[in-house]
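The values are calculated or read from the model by the stated rules, or taken from the named source; none is laboratory data. No experiment lies behind these values; they were computed from the predicted model shown. Here the Cβ positions follow ideal geometry from the backbone for every residue, glycine too, while neighbour counts run over all protein chains shown. Surface areas here come from the heavy atoms of the whole protein model, side chains and all, with no ligands, DNA or RNA. Shrake-Rupley method; radii C 1.70, N 1.55, O 1.52, S 1.80 Å.
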Amino acid sequence: MPEIHLHVSPIFLTTFRDLVEGFTRHVGVQLAVQADGPDPDDEDLMEAWREGLLETVRDDCAQLMLLLNDSGLGQDKVVLSEEAALSVLRACSAVRLKIQQLFLKPYGDEQLEEGELDFDEMSIELQQVYACYIFLAGLQEVLIQEL
């Protein structure tokens with residue numbers, strides 16, 4: 001079972017929790033990317049397929065929020081089932097995509113992934129959002145290593 005041990009200040013974690021909670025509401029309403037379904041000509045099947053995807057995303061985001069609300073996160077090891085870890089991993093991806101679409105569009109993928117942005121030049125709001133984006137990336141890396 002994957003174990004997560006991150007050293008995170010409680011204030012930092014509270015800020016991320018609030019940001020992620022807001023982003024998860026956006027993620028569960030509309031898919032972050034255009035996805036072709038099983039049969040584009042069958043509207044009912046496509047609608048059911050999209051709704052199934054959105055339901056999975058909402059469930060994944062709920063699992064991420066459970067992790068972020070865990071009182072041990074940031075202080076103690078947190079043990080997740082493999083299924084929960086995969087769910088959190090997917091939620092991190094979905095939330096990071098939404099952050100990128102809503103706030104970080106002017107920056108290229110390479111800049112974002114390599115951390116080549118001038119943090120000091122950003123507004124406080126954008127600093128928080130970008131820090132959340134980086135935190136989720138780090139969480140993904142930890143989960144991938146554990147899985």
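Observations, loosely collected:
- For the stretch 32-74, a residue qualifies if it is outside any helix (DSSP H, G or I), in contact (Cβ under 8 Å) with a residue 12 or more places away in the chain and of a type outside the set (Val, Ile, Thr), and the qualifying residues are Ala32, Ala35, Gly37, Asn69, Leu73, Gly74.
- Scanning the stretch 68-89 for residues that are over 18 Å from His7 (Cα atoms), out of contact with any helix residue (DSSP H, G or I) (no Cβ under 6 Å at 6 or more places or on another chain) and polar (S, T, N, Q) returns a single hit, Ser81.
- Any hit, the stretch 106-115, residues being over 15 Å from Asp18 (Cα atoms), in contact with a Leu (Cβ under 7 Å, 6 or more places away or on another chain) and open to solvent by 30 Å² or more (accessible area, probe 1.4 Å): yes
- Total residues in the stretch 117-142, condition open to solvent by 30 Å² or more (accessible area, probe 1.4 Å), in contact with a helix residue (DSSP H, G or I) (Cβ under 7 Å, 6 or more places away or on another chain) and more than 14 Å from Phe12 (Cβ to Cβ): 1
- Residue that is surrounded by 11 or more Cβ atoms within 10 Å (Cβ to Cβ), modelled with pLDDT of 80 or more, in contact with a Leu (Cβ under 9 Å, 6 or more places away or on another chain) and under 30 Å from Gly74 (Cβ atoms), where the choices are Glu55, Glu21: Glu21
- Residue that is farthest from Pro10 (Cα to Cα), among those in the stretch 37-52 that are among the acidic types (Asp, Glu) and open to solvent by less than 90 Å² (accessible area, probe 1.4 Å): Asp42
- In the stretch 110-122, the residues that are on the phi < 0 side of the Ramachandran plot form no Cβ pair under 7 Å with any partner that is open to solvent by 100 Å² or more (accessible area, probe 1.4 Å) and hydrophobic (A, V, I, L, M, F, W, C), whether six or more places apart or across chains.
- Residue that is open to solvent by less than 60 Å² (accessible area, probe 1.4 Å), among the β-branched types (Val, Ile, Thr) and over 20 Å from Val129 (Cβ atoms), where the choices are Val95, Val78: Val78
- Enumeration of residues in the stretch 58-72 that are surrounded by 13 or more Cβ atoms within 10 Å (Cβ to Cβ) and out of contact with any strand residue (DSSP E or B) (no Cβ under 6 Å at 6 or more places or on another chain): Arg58, Asp59, Asp60, Cys61, Ala62, Gln63, Leu64, Met65, Leu66, Leu67, Leu68
- The stretch 90-129, subset assigned to a loop (DSSP other than H, G, I, E, B) and among the acidic types (Asp, Glu), residue nearest to the chain's Cα centre (by Cα): Glu116
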